[in-house]
Structure formats: structure tokens, C-alpha cells
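**Q** Let me give you the structure first, and then I'll get to my questions.
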Amino acid sequence: MRARIAPALIGVLGVAIAWTFAATVLRHTRPMALPLDESYAYLVEARQLARGQLAGASGLWSIVLAPLWLLGARGEALVWVAFGLSAALYVATALGVARIVRTIAGGVAGVAAAVMVLALAPFAASALAGSEAALGSALLIAIACGLLEAPATGRPPIWLGVALGAATLAGPELAGIAIAVVGVAAIQRARQRDRRAAAAWLAPLLVPLVWCALHRAIALPSHRADGAASGLWRAVWWDATSPLPWPRMIAVLGLVGAVGIVRWARRTRRGLAAAMIVTAPLVVMLGAAISGRWSTEGARCLAPALPFVMIGVGCALGLAGRSRHVAIVAGLALAGFAWRAMPALIAEARQFAQAASDVDAALVAVGGHLRRAPGTIAMAELPGAIGYVGDVTVLGLPASQGPGVLFEQLERLPPEQRPARFVIDPAGPAAPAIAELAGDSAFRVALRPAFAPRGNAIPLHLDVFAARWDHTDTGERPLGAHAGWAIVDRIDLADRDSEAAHAWSGALGVAAGDPPARWSVLAREVAANGLILDGGRTIRGGERFTVAIDPARPAHLVLRTGGARAITGHDLAGQPLDRAVQLRVLDAANHELASATLPAPDGRFVEQSFALPAGASGALHTEASAAYRAFHWFVLQPE
């Protein structure tokens, strides 16, 4: 009975916190809503999997939810199921932390660590949001528990193998940790000359291999750290705005606990378990920094790391020695932690409810509108809740690279994939491009007055526009006549497919960290032949590209430039492009082939021709005396 009291109390506390979050949401929003559009995206993927549509499913959380949709949990019921499962995993994570710390440092320290995990506001909000955060945290804790209990020889327990295989589908950081654990354990068994046990430890790797085979490909994100790791480290462990209460003290206690874990591992020969417990939070944090998720998701991306941080703190408390001393130290630590953490937990519950209320007022409402138009393909920046509630196909609106890239991507869509509706923020970054392809507004929603600080990305207003496609493909040919010359190749700037096909690169942005919206621009002109729309880029130094040229004949390289003189948030240091630019075209050997002066932009398109002699190769680059705009490069040769 005494052994069961502590887990029961931890479970009751976890359920109480979870219900507090749900009750706060229901106080302001009915029916129940989740705070993240991403959470609804998983519900959409689960529904697709349940319907036999494998394409689009991205991870383990969707696989877990799909059978429940088949069993009848649909509509709002699946929202409650996602929240309930998240709450159960939230409690299970705390119970696992208690079990690990009890094994290493004693039961009192384990209870203290578990309560601290439950009271961490960012962990509670992330775990209860109905996304993959709670599942990832529970899987890592389950693996750590399994490594503590698994024998030093032989095969792993079946449930540990299942947890390792599942972790490979739960995100890149978790997959890396699982693969490392499997690899080290298999090598240890191979050194013991137990090939069957080594093969059994390697069996979880079949899970990602099968998953990738079903999807026929695997895509790995490519990012640059650009100092993000050091910035995240300081933001978590040092700054006053850290998501942790008393971050510096927790960092010190975590390091002390890590030393204690290592010493315990040397004494008990549990090196693999200790290595996983100590390094898991570092791997999760480094992955969040390198992938750039820290800047967009904040503390939510660190959810799987936080329970392991509290394991270190609990093990540090357990170093007090005798159980009476541990109880006193743990009690004082819990009292101070609760005094610091509870106000943050209450504030987080209100922000959680505010985000859920905003999702319901905007995205769920738009989804309900689209549900009355079955079969409609829509496009939105936040497609999750709209697609789930509306039960329609909602494509993501790639607005982060600026209006030029967005327009070119929309222009390239095949007719059967073109959306019939656009859902946009009329004051957002996608508005300039969508305005050229949108008809009248068919539906509009606005957020309710705020009752807590808004930390989500839901815009204040959302409009649903009918799409029209008669303004596409208006800038695909030179504006002037070139009698006797034929187009043999062209580069459509801001069209990323065209740029990639021509190995195009350009000097973009004033410095590292520039907003991506500065990287492309959309220009329009009503000329004698009608409307011309073209996406382009502001080039701040030069370009490199390869075009198809017959070296036996001369060629004309025609650059479309011009556009507006000043574009807010796009021009160099806020200054308009108001002077002529000398532009040189050079070959791979850096020999000048042609040069011309580009006039200062005045709102109209201008096309400047560069005469290339016979024998010129297609590998070219440009050098400019100042920033200029480029919309199209056309390559012409004699017919």
C-alpha cells in the first residue's frame, strides 16, 4: 500500500492539472478546442490514415490516433481523445521520472522530481496541447526506464524494443537517441559474441526502414545553426525570461545530479542508461537550436528535454544522504519550486485557453464555412484546424519567402491542384500575392477580445476569398519584339523550380537573419498588351546561373528589371532603389562579356539586352555597382 500511495498522488496531481487546463478552455470556448493549429494537422493525418491515404502522414502521433478515428472518435470527439491521451502521457511521464529517480537516488527524491515535472508550466502546456510533445516525452522516459531494468546481456524486453522502434518515428532528435541506444547495445552484445541478442537489439531499426519504404523517400531538414545553439542555451539556463523557475539554480542542480548519475552508473554498471539520461536533454536542445524550431516554437520544442532536467535535479536532492535529510531537502525544494512555479502554471493555463479560443473563433469557424462547400480545395497559412473541421483538402500557403515566391508557386500549380478558396490575413505577408488571384470575400471572421496575452500566430482577421486564375502566365515572354530571335532558355526569378534548374544563386538580404519576406517581390504593370504580373528578387551584389546556349551562335541575354522604386521592408536599409546601376555579365573565367546600365526603378518593367558573342558558355555570373531587381532572364539566339 505504501509503495502505491506516491504514484497515486502523482497521478491525482497530474489529472488535476490537466483538468484545470481543460476547464479553463471550456470556460471561454465551447466546444473543446486545442491551442495549436499543428494539433489539428495531426488529426487530419490520422483521418487520412484511417481512410487508407498514406501520403501526408508524417509521424507517430497520427498513427496512434488513426485507429481511434476508425472506432468512432470523430469531430469534436477526436479533439477530446487527443487531449485525453496527451493528459495520460503527461501523467505517465511524471510517473516514469519518479521511477528513474527512485532507482538512482531514493523514493522521496523521485516524488519531488515527478511533482516538479508536473508543475513546469511550459512542459504542461506543451504536453497537453494535443500534439506529439507528450508522446515523445513519454517514449524517451520509457526507454530510460527500460535501460535501467534491462539485463546487461541478452535481448531487450519486448516493450523496450517497441518503445525504441516507436521513437524512431517521433522526430529527428528522438530518432537519433533511439538509434544511438540501439547501436551501442548491439555492439555490446556483439562483443559478448551473442549475435542473436545483437540482432534483437537492432530489430527496432526495421520500423523506420519500413516506414520510409512505404513513403518511398525520406526528407531531412537542412538548416544552419548561425549561433542559435548558444542563444538557446543562454535563454534557457541564464536569462530571467527562461521558461524554467530559477534557471541557474536548476542548471547547477542538474549538473550535480548528472555527476551523481554517472557515479551510480559506474557502481551498478548501467553506463548505457546513465549516458542516455544525461545526454538526452542536450540532444533535444541542440536539435531544436539547429533546426530553428526554438525561434518559432519557443519552449514547446524543448518538452522532451524538461523531464530529464528534473531527473538531474531529483538525483541532486537525493545526494543529501539519509532518508530523513532527503525528505527535509526535498520538502524545502518542493515548497520553493511550487511558490515560483504555480503562478506561471496558472498563467500558462490562461494562455492555453486564449490560444484555444482563438483557434475556435478563427480557424474552426472558417472550417465550418468550408464544410458547406464539399469537394473544395482551399489554401491557407494555417491549414490544420480548417482542414479537419471542414473535411476539405487544405493546402499550406507558403508565404514565408515573400510575395514573389508565393505568386510563382501558385502560378506553377497544375489546373487540377489549384484551390477554389484562399484563406488569408488581409494584412499578412501573403496578401499582396493573393490579391492578384482573389475575387470577392465570401466569409470573414475576427478574434474575440483577449482575456490573456496572445502568444500564438492566429491573425486578428481572416478572410475567405474565391480564387480566380485569369491573371497567371502574363509575364512569361519578353515585352518587346525581337524579330529573327527565338527564346532558347529563360530563368523565372522567384520561381524556385526554375532557379534550381539553372543552378541560380544570388546575394540576398542585407545580413544574416534578414526576414525571408525580403527575399522576393511581386510587381505588376498594365501595359499596352494588358496586365503583366511577375515575381522577382532584389539582388544586393550579383547572381550566378547556367543557361542553355549554342556556343556556335551569338546570343542576347535579356534582363527584365524595374518595378516599384520603394517597397516597405524590402529595400536596402529601408532606402528605395533610386539610382542607375552598372551591371556586368561575366563568364566562368571572370571575363566580361557584356555590360549595360539599368535605369532606376520607376514603377514600370524595363528590359535590358546584353549581347553575348559566339563561343560564350552558359555558365555566367553578374556584378553590379548597387542593388537591383531581377524578374526574368531570357536567352535569345538567331532563329
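**Q** Can you tell me how the stretch 364-452 classifies by the Cα gyration tensor, rounded, prolate or oblate, using a/c under 1.5 as the rounded cut?
**A** oblate
**Q** Taking H as built 1.01 Å from N, whose amide H comes closer than 5 Å to the amide H of residue 562, not counting residues under 5 places away?
**A** Here the answer is 606, 629, since their amide H atoms fall under 5 Å of that of residue 562.
**Q** Debye sum, Cα scatterers, the chain, no solvent: what log₁₀ I/I(0) at q = 0.07, 0.09, 0.12 1/Å?
**A** Relative scattering, expressed as log10 I(q)/I(0), comes to -0.57, -0.86, -1.22.
**Q** Could you tell me the extents of the stretch 61-165's C-alpha atoms along the three principal axes, largest first, rounded to whole Å?
**A** Projected onto the principal axes, the Cα atoms of the stretch 61-165 cover 45, 35, 16 Å.
**Q** Which value, in debye to the nearest 20, describes the size of the charge dipole of the stretch 260-319 about its Cα centre when Lys and Arg Cβ atoms bear +1, Asp and Glu Cβ atoms bear -1, and nothing else is charged?
**A** Roughly 360 debye, rounded to the nearest 20.
**Q** Still on this structure, please answer the following. Answer rounded, prolate or oblate for the stretch 435-478, using the Cα gyration tensor with square roots of eigenvalues a ≥ b ≥ c: rounded when a/c is under 1.5, else prolate when a/b is larger than b/c, else oblate.
**A** Since a/c reaches 1.5 but b/c is at least a/b, the shape of the stretch 435-478 is classed as oblate.
**Q** In nanometres, what is the gap between the two model label sites at residue 529 and residue 553, each 7 Å from Cα along Cα-to-Cβ?
**A** 2.0
**Q** Separate question: Arrange 587, 578, 425, 492 by Cβ neighbour counts within 10 Å, fewest through most, would you?
**A** If I rank by nearby Cβ atoms, fewest first, I get 578, 587, 425, 492.
**Q** Same structure, new question: Note down the magnitude of the dipole of the stretch 2-319 about its Cα centre, charges +1 on Lys and Arg C-beta and -1 on Asp and Glu C-beta and zero elsewhere, to the nearest 20 debye.
**A** The calculated dipole for the stretch 2-319 is roughly 1100 debye.
**Q** Using only the Cα atoms of the stretch 485-638, what semi-axes does the equivalent ellipsoid have when each is the square root of 5 times a gyration tensor eigenvalue? Give whole Å, largest first.
**A** In descending order, the three semi-axes are 25, 18, 15 Å.
**Q** Let me ask you something else. Sorting 317, 363, 232 on the 10 Å Cβ count, fewest up front, what's the list?
**A** Lowest to highest Cβ neighbour count: 232, 363, 317.
**Q** For the chain, what is the percent of antiparallel DSSP beta bridges, rounded to the nearest 5?
**A** In the chain, DSSP labels about 90 percent of beta bridges as antiparallel.
**Q** Of the peptides 26-37, 435-446, how do they stack up when ordered by the mean number of other Cβ atoms within 10 Å, highest first?
**A** 26-37, 435-446
**Q** Using DSSP H assignments, which helices in the chain have an axial alpha-carbon span of 30 Å or above and a mean Kyte-Doolittle hydropathy of 0.5 or higher?
**A** Flagged H segments are 2-28, 76-105, 247-268, 323-359.
**Q** I would also like to ask the following. Quick one: dipole size for the chain, taken about the Cα centre, charges +1 on Lys/Arg Cβ and -1 on Asp/Glu Cβ, in debye to the nearest 20.
**A** Dipole of the chain, to the nearest 20 debye: 3740 debye.
**Q** Towards the positive end of the charge dipole of the stretch 2-319, with charges on Cβ (+1 Lys, Arg; -1 Asp, Glu), say which of 245, 22, 32 has the farthest Cα.
**A** 245
**Q** Hey, with R₀ at 45 Å, roughly what FRET efficiency would residue 440 and residue 152 work out to, going by the Cβ-Cβ distance, to 0.05?
**A** Calculated transfer efficiency: 0.05.
**Q** How would the stretch 2-319 be classified by its alpha-carbon gyration tensor: rounded, prolate or oblate, with rounded meaning a/c under 1.5 and the a/b versus b/c comparison settling the rest?
**A** Because its axes are fairly even, with a/c under 1.5, the stretch 2-319 counts as rounded.
**Q** Considering only the other residues whose Cβ falls under 11 Å of the Cβ of residue 478, what net charge follows from Lys and Arg at +1 and Asp and Glu at -1?
**A** +1
**Q** Continuing with this model, one more query. Where does each of 399-407, 268-276, 499-507 land if you order them by average Cβ count within 10 Å, highest first?
**A** Order by mean packing, descending: 399-407, 268-276, 499-507.
Values quoted throughout were computed directly from the atomic coordinates according to the rules given, and no laboratory measurement underlies them. Note that the structure is predicted; figures quoted are calculated from it, not measured. Quick reminder, even Gly has a Cβ in these numbers, built from the backbone with ideal geometry, and neighbours come from all protein chains shown.
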